[in-house]
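Single-structure report; data block below.
The values are calculated or read from the model by the stated rules, or taken from the named source; none is laboratory data. Remember, it's a predicted structure, so these values are computed and weren't measured experimentally. FYI the Cβ positions are ideal-geometry reconstructions off the backbone, even for glycines, and counts take in every protein chain you see.
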Amino acid sequence: MRTAPGPRPGPGLPAWAYATAGVAALFVAVPVVGLLTRVPWTRLPALVTSEPALAALGLSLRTASASTALCVVLGVPLALVLARAALPGLRLVRTLVMLPLVLPPVVAGLALLTTLGRRGLLGAQLEAWGVTVAFTTAAVVLAQTFVSLPFLVLSLEGALRTAGGGYEDVAATLGARPTTVLRRVTLPLIAPALGSGTALAFARSLGEFGATLTFAGSLEGVTRTLPLEIYLRRETDPDVAVALSLVLLVVAAVIVLATRLGRSDVRGRG
């Protein structure tokens, strides 16, 4: 069995590269350490299990799970088309899909609000049918999906472009239908990328703030997710804000570590 490849041998790195890399690592690590030094460890269990905190955490987990599932349902076919189809206008589609990566979250929320709000492009018609989207739990899910979808699509599109198409060609030659080829050949080939992309989408959904606040508001038990609860508590009760921030930090660290271990395992088996 092969082991994961180590650092590529080379002529060595200049001293300034190590020094700059150290500064970059500290730039990320020191704020995390600073947060940890402010955590009220003795009161931590009580702070993170208070009723508002549990309500916000439960809402965040439910909406992030729903938005991640929606990202998978929409993102897998979209990545397939972007990577494998030969259609006019795909470059424009790819650009539009990647826009949420660079848009300020508040702009993303405003775009959703002007589209699905009560007076929005589509929201006005939905309102006439008795369907309200903005400032509901559904709005939280849509806001999270909007900002998280590109993470999944990027992961899958890159994997689809490098995955061996020969297996798919053989399966098609043997008479397998396109859906069968996708289910039995393509998806298993890109399973590691699907897993990491799904994890990144979930993490992004869990930490979403700006688009959610703009499009869904901050109604306790309805749209107030954990990041919104942290924002509100930072002025009235900083200890609660820090404790809840630690929860998000731990969840993010676990997701990143699981993603890295999954990739290392795939390389080791390769």
Inset, instruction - Return the residue satisfying two criteria in turn: it lies in the stretch 1-47 and is surrounded by 10 or more Cβ atoms within 10 Å (Cβ to Cβ) and not in a helix (DSSP H, G or I), and of such residues it is modelled with the lowest pLDDT. - result: Ala4
Inset, instruction - Considering each residue of the stretch 213-237, count those that are touching a residue at least 12 places away in the same chain (Cβ under 8 Å) and in a helix (DSSP H, G or I), and give that number. - result: 11
Legend entry - Condition broken by Ser264, with the remaining ones in (1) modelled with pLDDT under 95; (2) part of a helix (DSSP H, G or I); (3) of a type in the set (S, T, N, Q); (4) surrounded by 14 or more Cβ atoms within 10 Å (Cβ to Cβ) satisfied: (4)
Legend entry - Selection count where residues are touching a Lys or Arg at 6+ places or on another chain (Cβ under 8 Å) and touching a residue at least 24 places away in the same chain (Cβ under 8 Å), scope the stretch 67-124: 2
Legend entry - Residue identified as part of a helix (DSSP H, G or I), modelled with pLDDT under 90 and surrounded by 13 or more Cβ atoms within 10 Å (Cβ to Cβ) among Val247, Val251: Val251
Legend entry - Single residue of the stretch 211-234 satisfying the filter (buried (at least 20 other Cβ atoms within 10 Å of the Cβ) and β-branched (Val, Ile, Thr)) that is farthest from Ala134 (Cα to Cα): Ile230
Inset, instruction - Would you be able to say whether some residue in the stretch 48-57 is at pLDDT 95 or above and not small (Gly, Ala, Ser)? - result: no
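If you go through the stretch 126-145, how many residues are in contact with an Asp or Glu (Cβ under 6 Å, 6 or more places away or on another chain) and either among the charged types (D, E, K, R) or under 13 Å from Leu113 (Cα atoms) (or both)?
0
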Inset, instruction - Could you grab the pairs with beta carbons closer than 6 Å, sequence gap of 6+ or different chains, first residue in the stretch 22-38 and at negative phi, second one of a type outside the set (Gly, Ala, Ser) and part of a helix (DSSP H, G or I)? - result: Arg38/Val242
Inset, instruction - Kindly indicate whether any position in the stretch 124-140 is on the phi > 0 side of the Ramachandran plot, surrounded by 14 or more Cβ atoms within 10 Å (Cβ to Cβ) and not in a helix (DSSP H, G or I). - result: yes
Inset, instruction - Tell me, please, whether a residue that is under 27 Å from Leu54 (Cα atoms), out of contact with any Pro (no Cβ under 9 Å at 6 or more places or on another chain) and either modelled with pLDDT of 95 or more or buried (at least 17 other Cβ atoms within 10 Å of the Cβ) (or both) can be found in the stretch 144-159. - result: yes
Legend entry - Count of the stretch 72-114 residues which are over 19 Å from Glu157 (Cβ atoms) and assigned to a helix (DSSP H, G or I): 10
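To keep it simple, each residue is scored yes or no on (1) in contact with a Leu (Cβ under 6 Å, 6 or more places away or on another chain); (2) of a type in the set (A, V, I, L, M, F, W, C); (3) within 24 Å of Ala199 (Cα to Cα).
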| site | (1), (2), (3) |
| --- | --- |
| Leu80 | no, yes, yes |
| Gly89 | no, no, no |
| Leu96 | no, yes, yes |
| Pro100 | no, no, yes |
| Arg119 | no, no, no |
| Ala128 | no, yes, no |
| Val133 | yes, yes, no |
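For the stretch 179-212, name all the residues that are small (Gly, Ala, Ser) and part of a helix (DSSP H, G or I).
Of the stretch 179-212, the ones small (Gly, Ala, Ser) are 191, 193, 195-197, 199, 201, 203, 205, 207, 210-211.
Matches in the stretch 179-212: Ala191, Ala193, Gly195, Ser196, Gly197, Ala199, Ala201, Ala203, Ser205, Gly210, Ala211.
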